[in-house]
Amino acid sequence: MTPATRRARAPRTSHAAGLHAETGAGAVPATGTGHPTGSGPATGTGHAPCHHGELLQGVFLDAEGRRCAGLVTLPLAGPGSRAEFVLRPGTPPEALTVVPADRGKAARAAGLAVTECARRAGLPPSGGQLRLTGDVPVGLGMGSSTSDVIATVRAVADSYGLRLTPDAVARLAVRAERASDPLMLDARPVLFAHREGRVLEVLGPALPPLAVVGCVLGGGAPVDTLALPVREATDADVREYERLRALLRRAIATGDGRLLGQVATASARRAQQVLNHPEFDALTAIARRFGAAGVQIAHSGAVAGVLFDPAGPGDLRHRVRACRHALNTHGIPTTRTFTTKESLDGPARRRGDRPARPDTSRRPSRLPAL
C-alpha cells in the first residue's frame with residue numbers, strides 16, 4: 001500500500017463539523033498534507049445523502065438586509081450517492097472521465113474540485129476517473145444532482161488526502177450546478193441560500209420528532225425545474241416568508257411538530273402559485289382527516305409528505321396506515337414512511353456528528369418503527 005493510498009483510506013472526520021468557520025484554507029488534511037508529487041494513482045471515496053423536498057422555501061433577508069432565495073430541506077436517511085475518484089497524477093486535468101457519462105454536473109464538480117484540491121496541496125491539477133452509484137430518484141425534487149455533486153467533491157478531496165469544510169464544499173457545489181441543496185450539512189436544520197452556497201441561519205440542532213408519509217404527485221413524473229415560471233417576490237411576499245421563518249425557528253426550539261407542520265403547509269400552498277399540483281387540495285384534505293400536523297412538498301419536484309406529530313391524539317400507527325390507504329385510493333402513490341429521528345441516527349450521524357440537545361425544553365415523544 002502506497003503512502004497516498006494510506007492517506008486516501010485514513011479515518012474521516014465529520015462532514016458537518018462547523019457550519020461557518022473554516023480551519024486554515026478551508027480543508028483539513030486526513031493525515032499529512034496531500035497527494036505526493038510523482039506517486040501513482042490514489043483512490044478517494046465520498047458519500048452524500050438526499051432529502052425529501054422542502055419544509056420552507058422562499059425569499060428571505062440576510063444579516064445585511066439583502067434579499068436571498070433560501071430553503072429548509074427535510075432530511076431523508078437511506079438513499080444517497082456514492083462516488084469513487086481515481087486520481088492519476090501527471091495526466092492533463094481535461095483527461096477526466098465519468099461513469100455514467102451523462103452526469104454532467106458531477107463532471108463539472110470533479111473538475112472544479114481537482115483544481116481546488118491541487119491548489120491547496122501545491123500540486124498541478126491532474127486527470128482521473130469518477131464513478132458514481134446511488135439510489136436517489138431523479139427528477140422528483142430530492143436533490144439527486146446535488147447528492148452526486150457533493151459525493152464527487154468529497155471523493156476528489158479524499159484522493160488528495162484532504163477533508164474540505166462544508167463551506168468549501170457548498171461553494172464548489174453552487175459553481176457546479178448554479179443552485180445547491182444543503183446536503184453537505186447532513187441533517188442539521190438550516191436556512192440555506194441555495195444560489196449562493198451559504199447558511200443564512202442555523203435554526204437549531206434537530207427537527208422536532210415527526211413521522212412522514214411520503215408520496216408523489218403528478219404520478220411521479222419528473223419535473224423540469226428550468227421550465228417552471230419565475231415569479232418575482234414582492235415586499236409582502238418577503239414579509240410573509242420572514243414570518244414563516246420565525247415560526248419555524250420557534251417550532252424547532254420548542255420541539256413543536258404541529259407548528260412545524262403549519263409552516264410547511266403554508267410554504268407548500270404558496271408554492272402552488274408556480275407548481276399547480278392538481279392533487280394538492282386532496283393531499284391537504286387527507287392530512288386534515290387523519291389529524292396530521294401538515295404537509296410538505298418539493299418546491300421544484302413531485303415528492304410530497306404528510307407530517308404527523310407523534311404527540312398528537314390517537315394511535316400513530318393507525319393514523320399512518322389510514323393515511324396511506326386514503327392516499328393510494330385517491331391516486332396519490334405512497335412511497336416510504338420515515339421519521340425525522342432516522343435522520344439523526346442515520347449514517348451521517350453515526351460518524352460522530354450527533355448534535356447537542358437544545359437548551360429549550362422538548363416534549364417527550366415516541367416514534368415507533370413504521
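Some observations on this one:
- Dipole of segment 130-247, positive end: most advanced residue of Val202, Leu132, Gly219 [Cβ charges, Cα centre]: Leu132
- Pairwise label distance in nanometres, Arg178 with Arg66, each label 7 Å out on the Cα-Cβ vector: 2.0 nm
- With 0.36 nm allotted per residue and the present C-alpha distance subtracted, the Thr115-Thr91 stretch has 7.3 nm of extension available.
- Per residue, the accessible area of segment 269-313 comes to 35 Å² when a 1.4 Å probe rolls over the protein heavy atoms.
- Expressed as a whole percent, the accessible area of segment 249-299 that falls on carbon and sulfur atoms is 48 (1.4 Å probe).
- Segment Gln273-Arg250, extension gain: residue separation times 0.36 nm, minus the distance between their alpha carbons: 5.7 nm
- Once backbone amide H atoms are built at 1.01 Å from N, Gly161 has no partners under 5 Å, excluding neighbours fewer than 5 places away on the same chain.
- Ranked order, Tyr241, Tyr160 - accessible area, probe 1.4 Å, largest first: Tyr241, Tyr160
- Residues Phe280, Phe290, sorted by accessible area with the largest first, give Phe290, Phe280 [1.4 Å probe; ligands and nucleic acids excluded].
- Order of exposure, largest accessible area first, which applies to Thr334, Thr329 with probe 1.4 Å: Thr329, Thr334
The values are calculated or read from the model by the stated rules, or taken from the named source; none is laboratory data. None of these values were measured; they are calculated from a predicted model. All Cβ positions, even for glycine, are placed from backbone atoms using ideal geometry, and neighbour counts span all protein chains on display. Surface areas here come from the heavy atoms of the whole protein model, side chains and all, with no ligands, DNA or RNA. Shrake-Rupley method; radii C 1.70, N 1.55, O 1.52, S 1.80 Å.
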